[in-house]
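For reference, the structure is listed below as structure tokens.
Taken together, the values in this text are just the output of simple stated rules run on the coordinates, not laboratory data. Worth saying up front: this structure is predicted, and the values here are computed from it rather than measured. Don't worry about glycine lacking a Cβ; one is built from the backbone with ideal geometry, like all the others, and counts go over all protein chains shown.
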Amino acid sequence: MGKVILTGDRPTGRLHLGHYVGSLKQRVELQNSGNFDKVYIMIADAQALTDNADNPEKIRQHIVEVALDYLACGIDPAKSVILIQSQIPELCELSFYYMNLVTVSRLQRNPTVKTEIKMRGFETNIPVGFFTYPISQAADITAFKATTVPAGEDQEPMLEQTREIVRRFNNTYGEVLVEPEILLPGNAACLRLPGTDGKAKMSKSLGNCIYLSDDAKEVSKRVMGMYTDPDHLRVSDPGKVEGNAVFTYLDAFCRPEHFAAYLPDYANLDELKAHYQRGGLGDVKVKRFLDAILQEVLEPIRARRKEYEQDIPGVYRMLKQGSEAAREVAARTLDEVRHAMRIDYFADEKLIAEHTLNYGHTQR
Ligand code: TRP
């Protein structure tokens, strides 16, 4: 059997650098690698609604934004199917059957869901839909028989849950579903890019993001205002690179060529870090270097986004086609699931014959 990718994002905002290094960049590489038979990229609007039930307009507005960010990064609809989760009702039916295979206590142990419950202040009133979204995510993944899910490490508990459901399903009803694995970013800095304020993660509500669609001026402003080492007050002071967001970003983005192009006094990042740690290297110089690198990364993304922005109806057409194509695949899996679960009554001639026979005997 072939290799299939499925991954996705909740459309609650535009995508930022954290998404880029954590997943988008790798998706494009995988898409272009030729190693996969199919690539599905899902805009997970139904999942976004599980904690935004009272604000569907926010989700509605961001679908096209996320699609534009995808296209801007190089996700190519000729190679990848971009789909909208809510347009595939088969996913709901799969979720409903999978719910029978998962216990409440198992869901309560999911560390990502636990963190999210705290962050959203849901402790005393968790929406059931939100609580069960890991099950729905298992449906997303298994409907397409995905083998590979490129995602950040916060998605590992979802993959673990999915594998458990697959095993339980296949043991109970027969081999239908495929066990997926997560594909994490290779570089530790990419695994968890901090916010510009040094907090653990970029998040819209914290206002510590650099968006892929930010213009050059906004990016520079964000970089120049970044959190560094709070004890590095004078240029001559020794500085810390651990927990220093500017250096974490350099770990994620900087390549040796960048030194030749923008900071030829140093040969590589180790030399730059050593100088910073010794003292005598100012934050501004390092930030200007980071800014130059980020502009180089973001410029082609912005340019491509601008092109796609000229044809919004075309973007919606692409989403519709992708969703329709995806729906056919999900429907085939659902047929197999129904058959394995023996709930395909009307397609089962033997069932009818058997009952006919039973009653035939008793009535004579
Ligand atoms: N939970 C993912 C996120 O918060 C989004 C998502 C939904 C997803 N369905 C998925 C990711 C399936 C990978 C596979 O970003």
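Overview of values
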quantity	calculated
Radius, Kirkwood style, for the chain when every pair of distinct Cα atoms is counted (Å)	22.7 Å
Whole-Å distance, taken between Cα centres, linking the range 179-209 and the range 117-141	20 Å
Candidates per GluC sites (Glu not before Pro) in the range 146-180, loop by DSSP, up to 16 other Cβ within 10 Å	E175
Selection of GluC sites (Glu not before Pro), the range 237-320, meeting DSSP coil and at most 10 other Cβ within 10 Å	E242
Length gained when the stretch K3-E153 is fully extended (0.36 nm per residue, less Cα-Cα span)	51.9 nm
Anchor K273: lysines whose Cα lies under 18 Å away (excluding residues fewer than 8 positions away in-chain)	K240, K285, K287
Counted charge near M119, where neighbours are those whose Cβ lies closer than 14 Å (Asp, Glu -1; Lys, Arg +1)	+3
CD proxy at 222 nm, helix term only [per DSSP H run n ≥ 4: -39500 (n - 2.57); per residue of the chain; nearest 500]	-16500 deg cm²/dmol
Unit charges on C-beta of K, R, D, E only; dipole of the chain, Debye	300 debye
P(r) tail fraction, the range 216-308 - alpha-carbon pairs more than 16 Å apart, %	54 percent
Dimensionless Rg/Rh of the range 265-364 - Kirkwood Rh, Rg from C-alpha atoms	1.54
Fraction of the pair-distance distribution of the range 26-96 above 13 Å, Cα-Cα pairs, percent	69 percent
Pairwise centroid distance, computed over Cα atoms, of the range 17-39 with the range 292-364, Å	22 Å
Percentage relative contact order, the chain, counting C-alpha pairs under 8 Å, at least six apart	21 percent
